[in-house]
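Heads up: the structure comes next, in structure tokens.
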Amino acid sequence: MIKVRGNSASGLTVHTVSRRGVLAGGGAAAASLVTGFGGGFGNVSPAFAAARSAHSFKIGEFEITVVSDGNLTTPARLAAPDVPEAKRNAALKAAGQQGDMAKPPTNVTVIKTGDELILIDAGSGPNFMPTAGKLSANLEAAGISADSVTKVIFTHGHPDHLWGVLDDFEEEARFPNATHYIGETEWDYWISDDAEKGLPEDRATFVAAARRRIKAIEGKAERLKTGVEIIPGLQAFETHGHTQGHLSLELAGGGETLVILGDALIHPVISFAHPEWQPAADHVREQAVETRKKLLDKLATDKSRVIGYHLPFPGIGRVEKKNGAFAYVAAG
């Protein structure tokens, strides 16, 4: 078990070397604006990291598998760029961060029940950055065929969640038999004429890429409403702020509740002990702060299990109240 309580943390990040190049524009720089993440989780051997590319458990009748899409490489300071350096560095150190660059994992959740095989987010694909885009290979290694996926549900439209929806040529849907679900508010945001407004220049390029992918899957896509069951036991709820229409998912089964966070909580120390600190990647920062505070209180009260997209692989744990704030307790 890995415990993160205010000032201590340890864990894993899956770090693999890509065979593919990065599109012009610099994937690493772009990725830093996706997560605003700072947190390395100790040093592990490549062989051990590779072995930790999938992790399975059950919630009632649901079989859950967390599959790695690899990791991003981002400037650690962007976890809280407006916080005094000494305070920020103390929190980063508590998360095991070493050096100026963080390597946040990217954890894709797969839900299997009956005839349904559901992906929550689709990873980065081959053209975002070289350390990510491993989902297809790791799904195959876990015995999961792309053709068998029945639904893909997106928490939001950032590259490390959406870009993997198309094949390596960025022409056809990677999961050809799946219905794709994008939240109504998120869909409207990315296709709106003014989506670029208020975004840093480096991140404004994400808009055209998101529009291209949404258009490519539009014939296989549905606008997702919150509070309505997608399948029995699974529904989305609003966690707006990281993006304008960011969603998280709640799965209920066997007397347990699992919350798939997406990027509502991204750092194993900062997001929990300092929810008021604002990552660079949040689109609507004050709203994201309020979302984190409310979500943390609910998760701690309900004692729900969580999966975090960028929490130490496999990103599974719980939230506890601690010293007037909160702590992440990982339990894979």
Modelling each spin label as a point 7 Å along the Cα-to-Cβ direction, I'd like the Thr150/Ile231 distance in nm, to one decimal. 0.5 nm
Flagged as over-length at 29 Å C-alpha distance, from Lys134/Lys215; Lys58/Lys298; Lys93/Lys197; Lys134/Lys303, the pairs are Lys93/Lys197; Lys134/Lys303
Calculate the radius of gyration of the Cα atoms of region 253-315 to one decimal place, then report Dmax, the largest Cα-Cα distance, as a whole number, both in Å. 11.8, 38
Of all the C-alpha pairs in region 181-332, what % are more than 27 Å from each other? 26 percent
Plugging the Kirkwood radius over Cα pairs into Stokes-Einstein for region 149-224, at a temperature of 25 °C and a viscosity of 0.890 mPa s, what D comes out in µm²/s? 195 µm²/s
How much FRET efficiency would the formula 1/(1 + (r/R0)^6) give for Asn89 and Ala142, where r is the Cβ-Cβ distance and R0 is 30 Å, rounded to 0.05? 0.20
Using only C-alpha atoms and all pairs of different ones, pull out the Kirkwood radius for region 103-155 in Å with one decimal. 11.8 Å
In nanometres, what is the gap between the two model label sites at Gln98 and Glu238, each 7 Å from Cα along Cα-to-Cβ? 4.4 nm
Heavy atoms only, 1.4 Å probe, whole protein assembly: order Arg318, Arg77, Arg305 by accessible area, highest first. Arg77, Arg318, Arg305
Point-to-point label distance, Lys321-Glu256, nm (Cα→Cβ direction, 7 Å offset): 2.4 nm
Among DSSP bridges having both ends in region 107-199, what percentage is antiparallel? Round to the nearest 5. 45 percent
Just for region 249-332, what percent of DSSP beta bridges are antiparallel, to the closest 5? 80 percent
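The values are calculated or read from the model by the stated rules, or taken from the named source; none is laboratory data. Predicted, not measured: the structure shown is a model, and the values here were computed from it. Note that each Cβ is placed from the backbone with ideal geometry, even for glycine, and that neighbours are counted across all protein chains shown. Just so you know, the surface numbers come from the protein's heavy atoms only, side chains and all, with ligands and any DNA or RNA stripped out. Shrake-Rupley method; radii C 1.70, N 1.55, O 1.52, S 1.80 Å.
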